Amino acid sequence: MNTSILFNKSFRFAALASVVAFGALGASNSFAAKAGTTNSSATVIVPIAITKSADLIFGKFAPNAGGEVTVATDGARTTTGPILSISGSTPTAAKFDVTGDDNSTYGITWSGAALLTDSVSSETMALSKISDLTAAGATSGEAESGTLSGSGAQSIYLGGELTVNASQADGNYIGDVTATVEYN
């Protein structure tokens, strides 16, 4: 009978130890790491691009006593001071065509010529840039941003104002103006 009691006690102890061990393992499994899943995605858009389709041309003029020659963003030329414009020369505003992702906004940075220079005499004329997005005839200010249309296009128009000295040397004055566009 002692053996039976000892056996029963041992059996009960082993059964109890198994239950405790099983419970402990089960408990540790309930604290095990869990995994979550996310979807990853990316959208590749059309790169923004800019091309020049017309140059800024002030046309021909004589300095007389000096003044300013302005080409508005619609290409209209005006003068202040006693500058004599020469007929037969056709001024034009520069035009840049911007393309990219539909309805996207972008910034515009202007750089380049603050002076137009004659390559022969090295004389200069100061250039102030004028720009807009509609060719509405702006005569001051610079466009700093734009929004592409639903088809991913917009144009930027560049005019300018030249300061002409009374004794400005004759010649062909040139300078480059650069418009850089970047998505906002």
note = A careful count of residues in the range 151-160 that are touching a residue at least 60 places away in the same chain (Cβ under 8 Å) and either surrounded by 20 or more Cβ atoms within 10 Å (Cβ to Cβ) or at negative phi (or both) gives 6
inquiry  = Condition first: closer than 15 Å to Ile50 by Cα and buried (at least 20 other Cβ atoms within 10 Å of the Cβ). Now tell me which residues in the range 166-178 satisfy that.
reply    = Val177
ask   = Out of Ala94, Ala62, which single residue is modelled with pLDDT under 95 and assigned by TED's automatic domain parsing to the domain that holds Thr139?
value = Ala62
key: Checklist (1) part of a strand (DSSP E or B); (2) surrounded by fewer than 16 Cβ atoms within 10 Å (Cβ to Cβ) applied to Thr163, failing item   = (2)
ask   = Taking the range 138-150, which residues are touching a Ser or Thr at 6+ places or on another chain (Cβ under 9 Å), at negative phi and either of a type outside the set (A, V, I, L, M) or loosely packed, with under 15 Cβ neighbours inside 10 Å (or both)?
value = Thr139, Ser140, Glu142, Glu144, Ser145, Gly146, Thr147
Strands (runs of 3 or more DSSP E) fully within the range 89-143 counting 1 or more residues that are free of Cβ contacts under 8 Å to residues at least 40 places away in the same chain = 124-132
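Here is a yes/no grid of residues against (1) touching a Ser or Thr at 6+ places or on another chain (Cβ under 7 Å); (2) modelled with pLDDT of 90 or more; (3) closer than 30 Å to Asp170 by Cα:
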site	(1), (2), (3)
Ile48	no, yes, no
Phe58	no, yes, yes
Asp74	no, yes, yes
Ile83	no, no, yes
Thr105	yes, yes, no
Ala113	no, no, yes
ask   = Under 8 Å by Cβ, and 6 or more places apart or on different chains, what pairs join a residue from the range 165-184 that is at pLDDT 95 or above with one that is assigned to a strand (DSSP E or B) and of a type in the set (Lys, Arg)?
value = Val177/Lys129
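Does Asp132 count as assigned by TED's automatic domain parsing to the domain that holds Gly160, buried (at least 19 other Cβ atoms within 10 Å of the Cβ) and within 28 Å of Tyr183 (Cα to Cα)? Spell out how you get there, then give the answer.
Values: assigned by TED's automatic domain parsing to the domain that holds Gly160: yes; buried (at least 19 other Cβ atoms within 10 Å of the Cβ): yes; within 28 Å of Tyr183 (Cα to Cα): yes.
Yes, satisfied.
The values are calculated or read from the model by the stated rules, or taken from the named source; none is laboratory data. Everything numeric here is computed off the predicted structure, so don't read it as measured data. Because the Cβ atoms are built from the backbone with ideal geometry, glycine has one as well, and the counts that use them run over all protein chains shown.
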